[in-house]
Amino acid sequence: MKLPTPAVRVSLKGFAFNAACMQIMPDVGYVQFQYYFKTGFLCAVECGKNDEHSIPWRANCNSREVRAKNVRWPRFYKLICDGMGWIAGNDYTIPAILEDFDGKRCIYFNLSDRKEKSPFWNMKLSDLQPVDVAAEMDIRRYEPECADQLFALIEREGDEWKDYWYGEEKAKYKKALANSIVYLVFEGETLCGYARCRDDDGYGVYVYDLLVDQEHRGKEYGRLLMEQVCEDFPNDPVYAMSDVDPYYEKLGYGRAGAIFIVNPQ
């Protein structure tokens, strides 16, 4: 989503906070989300990492790059559609407004047609209850501080993924991660899976690795990771470098060519 002003797009695919929205609180690492049925306001209030129901906003605040944030909260989406009378499946783009709320910064989105200037004119922070969206599924870009969690997930796959984590291979794969586009899927702060890909400068995006932790399979996280790649590169074909053809065939993907190992004569 590319918009000149801070905004969130709410749809069946999730909540897409554009880069301009992330930029208005660039040094905030974690937020609590509040939703008010009576007024139709959705709010993100800055908080600490260990506060109840906190979720990452910009967990890597030292990074100069400010990216859009895409999160998938299916239960929260249904809650808002029910509360606002929205048609499930439609897209809604809502401008973001920054305000100081009881000494804390807050971004709020007016989801209703009402004309209230602010949801906080007669409220205090202590009066509000956060919505528990921390346990929802969230897809994020890889940051180096996630390396330990990612390698723990890979190591649980055992010898089949040994080339990525055993001995000197671990340092080699860390370099590959740093030079790739990597998506991580979380439930709260639990890493459930990842996809690693590379962009061939407009000639296609190649997904080299796709893995979902065994305990979290069956939730369509692999498909959602692939769809996130397609969403971020809407003008490029996306190719999966497969060694598990039945899985990709089950997703309905078509075959395009084959891969050969070149052995010099």
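Bear in mind these aren't lab numbers, they're just calculated from the coordinates by the rules spelled out. Because the structure is predicted, anything quoted here is derived from the model rather than measured. All Cβ positions, even for glycine, are placed from backbone atoms using ideal geometry, and neighbour counts span all protein chains on display.
For the pairs Lys49/Lys104; Lys49/Lys219; Lys170/Lys250; Lys13/Lys69; Lys219/Lys250; Lys162/Lys219, flag any whose C-alpha to C-alpha distance is greater than 20 Å.
As for pairs spanning more than 20 Å Cα to Cα, those are Lys49/Lys219; Lys170/Lys250; Lys162/Lys219.
Once fully extended, how much extra length lies between Thr5 and Asp200, figured as 0.36 nm per residue of separation less the alpha-carbon to alpha-carbon distance?
67.2 nm
Expressed in nm to one decimal, what extension gain is obtained for the pair Asp102 and Ala19 from 0.36 nm per residue of sequence separation less their Cα-Cα distance?
The Asp102-Ala19 span can extend by a further 27.3 nm.
Give the calculated FRET efficiency between Lys175 and Val262 to the nearest 0.05, with a Förster radius of 25 Å applied to their Cβ-Cβ distance.
Working from the Cβ atoms, E equals 0.65.
Apply the Karplus parameterisation 6.51 cos²θ - 1.76 cosθ + 1.60, with θ equal to phi minus 60°, to every residue of the range 206-213 and state each ³J(HN,Hα) to the nearest whole Hz, in sequence, with x for glycine and proline.
After applying 6.51 cos²θ - 1.76 cosθ + 1.60, I find 10, 8, 8, 9, 9, 8, 10, 4 Hz.
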